[in-house]
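Contents: one structure, followed by commentary.
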Amino acid sequence: MNQPPSSIHSDKRKWLDKVHQQRKDRSLTIGIQTIDFLVEQGIPVTYHNISEHSKAFDEKGKGIHQNTIKRNEELHSYYQKHSRTYKVKNTRKKPVMPSTFDEASLRRNSSERDVNIAKKRYMQLSKEDLVNRLIAVEKYVAENQERWVTNQFKQFK
């Protein structure tokens, strides 16, 4: 008869976990040695450079792949500490525009405004910011419509 799948996988899983841990440790050791070498030599610490120079520190000569650096948490944090390009990239991120909604911004809008400028400004916002702004504008329009309708009924009486 067939064995239940859980017992088959559990035996293989223990063996597989051991192999994964060995590979993780190997990648971490080679990666740290490579990063230290790059720092000593004054070579920029990038994924590509680590991948290329890691072959010299590997007994098999294979080195480590760029994705291995990204997926191995310990190695990636070590990379972040020593990579100048990573630090520069994070400081160059666009400043976040304020996502607060105020009625004054709608009142300033004119029908004669330059639509291309407004489009560029909206294209810089994230999807979440756009959705929040759209909901706020819809709420503002609904509230004003209710006020207008109630005023019309009051004037009619």
Quiz prompt | Using θ = phi - 60° and Karplus 6.51 cos²θ - 1.76 cosθ + 1.60, couplings along the range 134-150 (whole Hz; Gly, Pro as x) | solution = 4, 5, 5, 5, 4, 5, 4, 5, 5, 5, 5, 5, 4, 4, 5, 5, 5
Quiz item: Near the amide H of residue 58, under 5 Å away, which other amide H atoms are found, from residues 5 or more places off or on another chain, if H is placed in the peptide plane?
Solution: 63
Quiz item: Cα to Cα, under 20 Å, and not fewer than 8 places away if on the same chain: which aspartates and glutamates meet these conditions relative to residue 14?
Solution: 25
Practice problem: Taking the Cβ of residue 113 as the centre, find all other residues whose Cβ is under 13 Å away and add up their charges (Lys, Arg: +1; Asp, Glu: -1). | Solution: +3
Quiz item: Tell me, what HN-Hα J-couplings in whole Hz come from the Karplus equation 6.51 cos²θ - 1.76 cosθ + 1.60 at θ = phi - 60° for each residue of the range 106-116, using x for Gly and Pro?
Solution: 6, 5, 6, 5, 10, 5, 9, 5, 6, 5, 5
Quiz item: So what are the ³J(HN,Hα) numbers for the range 54-60, from phi and the Karplus equation (6.51, -1.76, 1.60; θ = phi - 60°), rounded to whole Hz, Gly and Pro as x?
Solution: 5, 4, 6, 9, 9, 4, 7
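Every read-out reported here was derived from the displayed coordinates using simple, explicitly stated rules and does not represent laboratory data. If you're wondering where the values come from, they're calculated on a predicted model, not measured in any experiment. Don't worry about glycine lacking a Cβ; one is built from the backbone with ideal geometry, like all the others, and counts go over all protein chains shown.
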